[in-house]
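Just below is one structure, and these are the notes that go with it.
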Amino acid sequence: MTLKTILVLCLGIFISHCTHAQTATRADSLRGSTISPYRNCYDINYYHLDVKLNIDQKFISGSNLFKFTATQNFNKLQFDLFANLKVEKVLYKRVPLKFKREFNAVLVTFPKTITKGKQDAFTVYYSGKPTIAKNAPWDGGLVFSRDAAGKPWVATACEGVGASIWWPNKDQTADEVDSMLISVSVPKGLKDISNGRLRKTTELKDGYTQYDWFVANPINNYDVALNVADYQHISDSYDGEKGKLSLDYWVLPENVEKAKKQFGENVKPMLKAFEHWFGPYPFYEDGYKLIETPHLGMEHQSAVAYGNKYVNGYKGTDRSLTGWGLKWDFIIIHESGHEWFGNNITMKDIADEWTHESFTTYSESLFVEDNWGKQAGQEYLHGQRHIILNDKPIIGPYNVNRSGSSDEYDKGSNMINMVRTIINNDDKWLQILRGLNKTFYHQTVTTADIIGYINKESGINLSTVFDQYLHYKNIPTLEFRFDDGKVSCRWIADVDKFTMPVRIRAKGGEYQFISPSTRFKAIDLAGITRDNLEIDTFNYYIGVLID
């Protein structure tokens, strides 16, 4: 290696470590902390969110009931609500509690100690004009739009920024509520479609209609959704692994026929593929819904937001540039994939968002594989690489509500496919994917949880592989030396003692696995020369250097 090469690699390592060195503010810590005693002192069990939406005024008002179990003795806790929304009062046993605002956090003081193990409750009343999203779903808030007839069309989208941008809650993904009731009052003539199953519709005296939706399963806060329009209903069902799954599609009146065709062509093949690879759809009790929204889409649990204009691909384009991405509707497949990775298995901290996005982006290739064969799926994955930035680590800084690089999508999916290649046993790989969803069913996880499970079930220690691809922006480089007819190689990587089995061959021969380390080691593979050496860079996203 030249001195220039060494300096470039060292600089890359330095930048990799410094990428997340942005100063975290007090507001960031209040929003993102998973270790705050004011959050960890209680486990949220149940919400009843009851809101009224004044569309003309873009104004929301209502309440949220918090039912919780104390995990330790305390007299003060934190919930979250953006500062532009007013906390009218907090009631505990019908008595107002003292509370203090700090940025978007609200600290509530109880009149006496709540003892560990006690189940208790309080209710927050609030009102105000919620943040209007300018570019949903990439920023957060409410989206106010109109359908073709000029009627209101409203939706929420708040992943990342947090659900407290429009309703009061314990705004961290580490603690999912066990179940909840969502009551939404909207002007007569409109419908609200939220998560779970519709329990009741009530005509109110003030010209509003209240819709009560019950979610029977644990749900993360950003998945809780309002969708308000003059919706038309299309119903269907799917005979899945756990029996009959209800399929409900809520679309604008002008798009009913388009929806019947597009949803009909995509949803059942998606469920067939994902139930095969990941196990049963995780929310049979709450059903599966697609809801047309004025933004592109979001993985709202049991109420997937859809705004892809009834075309295949990603807004009519193929992200992979291979042609395979134009054979199916990206938003239906990707956002529904999150029902397994994101909604069933949920990150404790958004720094670990790769556990959602890498696996779900990978799920796209499994959908392609299930319908057009393994080679097609691999081609689709390989085609995603042109999107990869290698700009900063995939894992973000913890406890400040920050994700890492957007490479958590396409670089992450290619990393997962490399793991499959290394395991080299598709039956075992299938059981690992299904096992993840069974072992961590309706749970929140860390990166260590996922890596530990894959290591254990594969029988291969892949820790340094995950470490390199998740914690550093650089990809490892496989360096070869040819000297007097002998061949040796090593890995150049940021991770100390990095190792990863890799496939090589002499051109035209069969691939064989070798296991290089970060020290040069001779390769015993007959017939290998500088001219005929082939490394499996189709399945491995790595650099190659041949001296």
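The values are calculated or read from the model by the stated rules, or taken from the named source; none is laboratory data. Everything numeric here is computed off the predicted structure, so don't read it as measured data. Cβ atoms come from the backbone with ideal geometry, glycine included; neighbour counts cover every protein chain shown. For accessibility, only protein heavy atoms count, side chains too; no ligands or nucleic acids. Shrake-Rupley method; radii C 1.70, N 1.55, O 1.52, S 1.80 Å.
General remarks:
- Residue match in segment 254-275 (condition: more than 23 Å from V154 (Cβ to Cβ), open to solvent by 10 Å² or more (accessible area, probe 1.4 Å) and under 19 Å from the mean Cα position of the chain (by Cα)): no
- The strands (runs of 3 or more DSSP E) found entirely in segment 223-277 that carry 3 or more residues being free of Cβ contacts under 8 Å to residues at least 24 places away in the same chain are 232-240.
- Pair list, Cβ < 6 Å and 6+ apart or interchain, from segment 124-140 residues that are more than 13 Å from A155 (Cβ to Cβ) and modelled with pLDDT under 95 to residues that are part of a loop (DSSP other than H, G, I, E, B) and not basic (K, R): D139/A133
- Some residue of segment 129-136 being among the hydroxyl-bearing types (S, T, Y), more than 20 Å from the chain's Cα centre (by Cα) and more than 19 Å from I182 (Cα to Cα): yes
Rundown of residues vs (1) modelled with pLDDT of 95 or more; (2) small (G, A, S); (3) open to solvent by 30 Å² or more (accessible area, probe 1.4 Å), yes/no style:
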site: D483; (1), (2), (3): no, no, yes
site: D496; (1), (2), (3): yes, no, yes
site: S517; (1), (2), (3): yes, yes, yes
site: D547; (1), (2), (3): no, no, yes
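- Number of residues in segment 154-168 that are in a strand (DSSP E or B) and buried (at least 23 other Cβ atoms within 10 Å of the Cβ): the value is 3.
- Output for segment 180-224, where each listed residue is open to solvent by 20 Å² or more (accessible area, probe 1.4 Å) and among the small types (G, A, S): G189, G207, A216
- Pairs where the first residue, in segment 89-105, is open to solvent by 80 Å² or more (accessible area, probe 1.4 Å) and the second is of a type in the set (S, T, Y), C-beta under 6 Å, 6+ apart: K89/Y125; K98/T109
- Taking strands (runs of 3 or more DSSP E) as the structural unit, those lying wholly within segment 49-144 and holding at least 2 residues that are of a type outside the set (S, T, N, Q) and either under 23 Å from V215 (Cβ atoms) or out of contact with any strand residue (DSSP E or B) (no Cβ under 9 Å at 6 or more places or on another chain) (or both) correspond to 59-70, 74-80, 119-128.
- Applying the criterion of at least 3 residues that are modelled with pLDDT of 95 or more, open to solvent by 40 Å² or more (accessible area, probe 1.4 Å) and within 25 Å of K242 (Cβ to Cβ) to the helices (runs of 4 or more DSSP H) found wholly in segment 348-461 leaves 426-439.
- Test for Y284: is it part of a strand (DSSP E or B) and open to solvent by 10 Å² or more (accessible area, probe 1.4 Å): no
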